[in-house]
Amino acid sequence: MNLNGYYLILVMIVLSFFSCENDMAEIQRQVNEEEITMERAIDVEMLYSDSAIVKVRIKAPEMLNILDKKEPKREFIKGLNVDVFNENQKVVSKITAKYAVQYAKDDKIFLKDSVRVRTSNNETLATEEMTWDEKSARVFCDKSTFVSMQTQKETIQGYGFNSNLDFTKWKIEKVTGIIDGSNIINDALR
């Protein structure tokens with residue numbers, strides 16, 4: 001091979017380095033320009049407190065933090081467990097669901113798929129959907145959602161539900177189940 005051949009190979013090698021450098025710079029520029037839109041967290045534990053007193057603990061096996069500017073949200077795609085504490089740090093209610101999504105701008109958490117609540121009074125609520133309004137510390141289901149509340153003495157079934165977060169004051173909107181062995185059609189207020 002003559003000297004011109006070596007120069008040609010050397011020039012090609014040098015150009016290939018420059019083209020790789022430019023490609024890497026271009027890729028880096030594009031990555032920096034594109035906004036990251038989602039974060040994923042495993043074995044999540046979130047604490048909500050008021051005046052340094054823990055009020056709520058949320059645990060989830062996986063959480064997706066969607067960083068959308070118009071509608072930021074957190075998705076609990078493998079479900080969540082919520083513990084609600086009283087002022088003495090005693091758990092007064094436990095909420096579970098197989099799926100939940102927290103809408104940051106609305107301060108609401110929508111729970112669905114096998115939603116269960118267990119209170120410190122051994123009452124159990126079962127429904128398929130529930131909304132938790134974080135601002136008002138209330139949970140509710142709309143009037144078309146079936147709910148079943150098992151107390152120590154009775155089972156109350158109906159449509160629609162509203163309660164405070166610790167489930168000490170709750171109401172089933174349209175009762176259709178059995179209370180103390182009697183058929184009830186009227187609303188029940190507890």
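Every number here is computed from the coordinates shown, using simple stated rules; none is lab data. Computed from a predicted structure; not experimentally measured.
Here are the numbers for this structure:
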read-out: Extension gain, LYS108 back to GLU45 (0.36 nm per residue minus Cα-Cα distance, nm); value: 20.9 nm
read-out: Region 48-95, relative contact order in percent, only Cα pairs under 8 angstrom and at least six apart counted; value: 34 percent
read-out: Over region 38-189, relative contact order from alpha-carbon pairs under 8 Å, at least 6 apart, %; value: 12 percent
read-out: Residues whose placed amide H lies under 5 Å from that of GLU134, excluding near-sequence neighbours; value: LYS108, ILE109
